[in-house]
Structure formats: structure tokens, C-alpha cells
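Engineer: Sharing a structure with you now.
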Amino acid sequence: MNKEIIDVLIIGAGPSGCVSASYLSNNNVQVKIIEKTTFPRYVIGESLLPRCMDHFEEVGLLDCLKKSNFEVKRGARFIRGSEICNFDFSQKHTDGWDWTWQVPRDEFDHVLAKETIKKGVDISFETTVENVVIKDGYSEVTVKDTHGVVSVIKAKFIIDSSGYGRVLPRILGLEKESDLPNHSSIFTQVKDIHRPAGKEGTLITFDVLETQVWLWVIPFSNGNTSIGFVGPTAFINSFKGNSSEIIAQLLELSDYYKDRFRGVKHLFTPILIENFSKSVKQLYGKGYALTGNSSEFLDPVFSSGVTFATESGLLAAKLALREINGQEVDWEIEYTKYISKGVAVFKSYVTEWYSGNLQELFFFQPENKEFKRKICAVLAGYVWDETNPFVTKHKRIISNIAHLIKTD
């Protein structure tokens, strides 16, 4: 059996894994990534937030992305019937990036992985983690490649960036039920042959069909568009037929988009994910840390997935570097408390979106520009900015303002 000894093993070559590996490689750490698939491969999460641009820039992954000519995302549009609310990332409370991208994740992740390899990081594709044994000072990870060859990797630290695969939560028994409602999603990509010219054809849009049911539309620069529906699991499951037929039925609920996407070609069979929100008992343990969706998977309504992945991936890499260099790290304070604070903010916004309170704020006229600037900063991913009351008072501020609107 082959045996390998390294400093840090990363599970998963998505954005979180590549950001972690790039940071560690930049700091002369011996790092290896295990990835169960081969790239390019399809994965959900095509809409980014400006906050993640900071992470790509810090670890030296921004330039390769800029060369790829992805669709620029300067904000987001929300539609409810005839009502429209536009957020412009240049008009936000928190200083930071004013734009990001809308990306086909197969191409986007492939660009990141190739650049990470150029940095000298070894990525073993089509390799799965079979078992993990945590020992004093190191872990033994058993992996198997596509040819059935089994190897053991001895690592001082493991960063689990496996996303929805949730490798360590599954192997170490860390999974727990999310406290978010049971929602499901069905989605695909289409040939956007009826895309309007100009700005309208480039806008990422969230179309509210019912209070708890919405459609995303994410146009890409290659002419394709991602569309997906999110709603209570019982609602999604009430539609009959195969996945393509269900998508067609759901599209008829959208007055704004049904004509544009009626009868267009699907680039793959639509995918259904039921009860997608996930959680874990802990974000770290002896010799490991969980990042991104391998720890907490939130509702996709605010596109927070990649940003949490890169935020936690970069922070985990920084703390792991300190730990393997013999420095003391308070993982509870420096990692769990920090990441959980941002997750809690987005959880409040998800909860208040489905209660209808946040929708009341979005579509209220005349709009309050100062409130909108502060909410926009949250939607841009700057959920750790404690100068923003819509961050620090997230548990009550939305419902309080919505109550005032309703009683005015």
C-alpha cells in the first residue's frame, strides 16, 4: 500500500479547496488536494458575491479569473409581479468590491484548479476518501483512486472543502439537522436563444412567484443561462412528470420569464435536490476544520455559498499554518465564533425572506436609500462589518421595520 506524508490534506478542489491550497502553497506548506471527480464538472452555485473577490485576490487567483471573461455581476434584481427592486453593489454601506461574476461553475472551478496546480499543488482527481483516523499530532487518511488503488496519506492537518459531499461530517458522525425549513430546488442550464439584447439579458434576477417560492435566472457570458426554482419541499413535489416537465410547469408561474424560456433546450437533465439545508455539530476538531458547504449549507436565495466557502477556506488555511508551525490557535474563538457570526446573519435574512418581512422591505415604496445601502452590504457578502446595524442587529431589525411598514 502506498503511503505519503504531507503537512495539510485538503478534501475537494472547488473554490474553498483551491483558496486554502493556494494560501498554504504561497507559504511553502506541503499541501495536497483529493478530489472525487474529474474537472471540468458541473456543480451548482453560479452566482458569486463581491466579498469572495478579496479572497481570490489575496491568494493570487484573481488574475486567472479575470482572463476568463465571465459575466460581470454588479448587483441583483428582485421581482415580485409588477414590483422591481434593484441592488447596486457600488451603492452599499461597506467598503469593498463593487462587482463580481456570474459563472458556469464547471469552467470557473476548472480555471481555479489549473492555476492552483501551476502553483505546485498536487491535485489527485477521481480519488475518494475511504476512511479517516485521527491520531495524536496527525491523521491517517485512506484514499482510493479510479483504478481501485488504495493509499494512505499521513497529514498534520485536514481541511474538508468537500462541499455538499460533506466527507468528514459523514465519516466522523458530525452531521445534524438544519434549523432552516425543508426547502427543495430543481434547476438546469438552458440555451438562452431568446435572451434580450443589452443590460436586460445580463441581469441576475430573483423572481418571487409566491412568498416562499422563487425562480433564479443567472445569465452567463457564453450565451447559456442557469435557471432554478426553490420552494417548500411539498410544493416542489406536488408537480408531476419528469424533471424537464416539472421545470416547464414551474416556468408557467413566472409572468416575467415564461415566454423567454418556454421550449428552450436544456443543457442537461434538470437536477432536484430535496431538503438541501444542512448543518454540523462542530466546525473543527483535533487536526481538522470544515469549510464552506461541508459545514453549513444555507438556502441559495442570497448566493452565499461560494463566499462562505472561500471565507472559511482562507481562514482555516491561515489557522492551520499557525498550528503546524507550533503556534497556539483558539479554534473556538478564531474560527467557529467568527464563521458562525456570518452564517447567523445570512440565516436571519433567509428566515425573514421566507416570512415575507424582508420582501416587504425590498419592495416598499418610496424606498429608504440608507436602509437599502446597509442591506446591499449584506447581500454583497460583507456580513462581518459591525458598523452596519443590519449586521449587528440582524435578529430583529428586519422584522421590526417590516412591522412598522405594515402598520403605517
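Read-outs throughout are calculated quantities, based only on the coordinates presented, and are distinct from any laboratory measurement. Everything quoted here is computed from the prediction, not taken from an experiment. A quick note on method: Cβ atoms are made from the backbone with ideal geometry, for glycine too, and the neighbour counts reach across all protein chains shown.
Engineer: In whole Hz, with x marking every Gly and Pro, tabulate ³J(HN,Hα) for the range 311-328 from phi via Karplus 6.51 cos²θ - 1.76 cosθ + 1.60, θ = phi - 60°.
Structural biologist: 4, 6, x, 5, 5, 4, 5, 5, 6, 4, 4, 4, 5, 6, 8, x, 8, 7
Engineer: Under a plain spin-label model, where a point goes 7 Å from the Cα along Cα-to-Cβ, how far apart in nm are Asp136 and Lys286?
Structural biologist: Between Asp136 and Lys286, the simple spin-label model gives 0.9 nm.
Engineer: In angstroms, what radius of gyration and Dmax does the chain have, counting Cα atoms only?
Structural biologist: 21.2, 72
Engineer: By the scheme Lys and Arg +1, Asp and Glu -1, what is the net charge of all other residues having a beta-carbon under 14 Å from that of His183?
Structural biologist: Within the 14 Å Cβ shell, the charges total -3.
Engineer: Give me the net charge for the shell around Val391: Cβ to Cβ below 11 angstrom, other residues only, Lys and Arg +1, Asp and Glu -1.
Structural biologist: +2
Engineer: Going highest first, how would you order 240-247, 352-359 by mean Cβ packing within 10 Å?
Structural biologist: Listed from highest to lowest mean packing, they are 352-359, 240-247.
Engineer: Strictly over 23 Å apart at the Cα level, which of Lys154/Lys318; Lys73/Lys119; Lys176/Lys347; Lys67/Lys119 would you flag in this model?
Structural biologist: Pairs exceeding 23 Å: Lys73/Lys119.
Engineer: Also, quick follow-up: Please report the Cα spread of the range 98-239 along all three principal axes, rounded to whole Å, starting with the longest.
Structural biologist: Rounded to whole Å, the extents work out to 56, 40, 35 Å.
Engineer: Show which lysines lie in cross-link reach of Lys240 when reach means a straight Cα distance below 22 angstrom and same-chain residues fewer than eight apart are skipped.
Structural biologist: Those lysines meeting the cut-off are Lys258, Lys265.
Engineer: According to the Kirkwood expression over distinct Cα-Cα pairs, how big is the hydrodynamic radius of the range 183-273, in Å?
Structural biologist: 13.2
Engineer: Under a GNM of the chain (C-alpha, springs under 10 Å), which listed residue has the highest mean-square fluctuation: Phe78, Phe235, Phe220?
Structural biologist: Between Phe78, Phe235, Phe220, it is Phe235 that shows the largest mean-square fluctuation.
Engineer: Run the helix sum for the chain: -39,500 (n - 2.57) per DSSP H stretch of 4+ residues, divided by residue count, reported at 222 nm to the nearest 500 deg cm²/dmol.
Structural biologist: For the chain, the value works out to -9500 deg cm²/dmol.
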